[in-house]
Amino acid sequence: MPGPDEPNELPASCPFGEKALNEELGTQFELEKNSCVFASKDGARISVSLAPAVDNKTYEETRASYEETADQFATLEVPGQAYAAWSEDELNITVGYLDNAGEYRFEVRALLPTDAGAESVEDLAESLVSLTVDKRDEG
């Protein structure tokens with residue numbers, strides 16, 4: 001599994017900044033102070049949270065819940081484990097990603113994948129995971 005050799009048990013800061021996010025997605029988000037929430041003037045939001053990667057139980061439970069309740073669900077092809085779950089209108093997207101660095105959760109609201117330069121929800125989700133891994137490895 002990709003990521004550090006030892007699981008991270010400390011809360012982490014945001015894995016990337018607004019500049020990196022905007023370059024990746026072609027958007028104009030601003031990072032809200034003291035959080036890992038990106039907001040745009042038109043109301044779109046992306047929030048990122050990270051839980052320690054002590055075990056996979058929480059990730060598996062959350063994944064199963066979204067798979068059961070979301071309008072649409074897909075397993076992503078990325079290093080580690082990841083999924084995307086979304087509403088029929090694609091305006092509410094949740095992405096879960098797990099590797100040894102932790103369990104990341106991305107909540108995307110009021111942003112269509114096409115408005116972020118992606119062809120689909122899966123493409124947008126994979127871009128967020130890729131950005132997280134790339135920027136985290138830089139730091």
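The values are calculated or read from the model by the stated rules, or taken from the named source; none is laboratory data. From a predicted model like this one, the values you see are computed outputs, not experimental measurements. Neighbour counts are summed over all protein chains in view; Cβ atoms, including those assigned to glycine, are modelled from backbone coordinates with ideal geometry. Remember, those area values only see protein heavy atoms, side chains included, never the ligands or the DNA or RNA. Shrake-Rupley method; radii C 1.70, N 1.55, O 1.52, S 1.80 Å.
Residues that are surrounded by 19 or more Cβ atoms within 10 Å (Cβ to Cβ), assigned to a strand (DSSP E or B), within 13 Å of the chain's Cα centre (by Cα) and not aromatic (Phe, Trp, Tyr): does segment 74-84 have at least one? There is at least one residue in segment 74-84 that is surrounded by 19 or more Cβ atoms within 10 Å (Cβ to Cβ), assigned to a strand (DSSP E or B), within 13 Å of the chain's Cα centre (by Cα) and not aromatic (Phe, Trp, Tyr).
Could you go through segment 58-68 and let me know if any residue there is in a strand (DSSP E or B) and not basic (Lys, Arg). Within segment 58-68, none of the residues are in a strand (DSSP E or B) and not basic (Lys, Arg). On the stretch given as segment 13-28, residues that are open to solvent by less than 50 Å² (accessible area, probe 1.4 Å) and either part of a helix (DSSP H, G or I) or modelled with pLDDT under 55 (or both) total 4. GLU88 falls short of the stated requirement of being within 23 Å of LYS41 (Cβ to Cβ) and either out of contact with any Cys (no Cβ under 8 Å at 6 or more places or on another chain) or outside any loop (DSSP other than H, G, I, E, B) (or both). If the condition is being closer than 18 Å to ASN22 by Cβ, in a loop (DSSP other than H, G, I, E, B) and either open to solvent by less than 10 Å² (accessible area, probe 1.4 Å) or touching a residue at least 24 places away in the same chain (Cβ under 8 Å) (or both), then segment 93-116 contributes ALA110, LEU111. Restricting segment 41-56 to residues that are open to solvent by 60 Å² or more (accessible area, probe 1.4 Å) and farther than 15 Å from ALA101 by Cα, the residue that is modelled with the highest pLDDT is ARG45. Selection of segment 57-73 for residues being more than 22 Å from ALA101 (Cβ to Cβ) and open to solvent by 80 Å² or more (accessible area, probe 1.4 Å) yields GLU67, GLU68, THR69, ASP71. Say we look at segment 71-109 and pick out the residues that are at pLDDT 95 or above and of a type in the set (Phe, Trp, Tyr); which of these is nearest to ASP55 (Cα to Cα)? Here the residue is TYR97.
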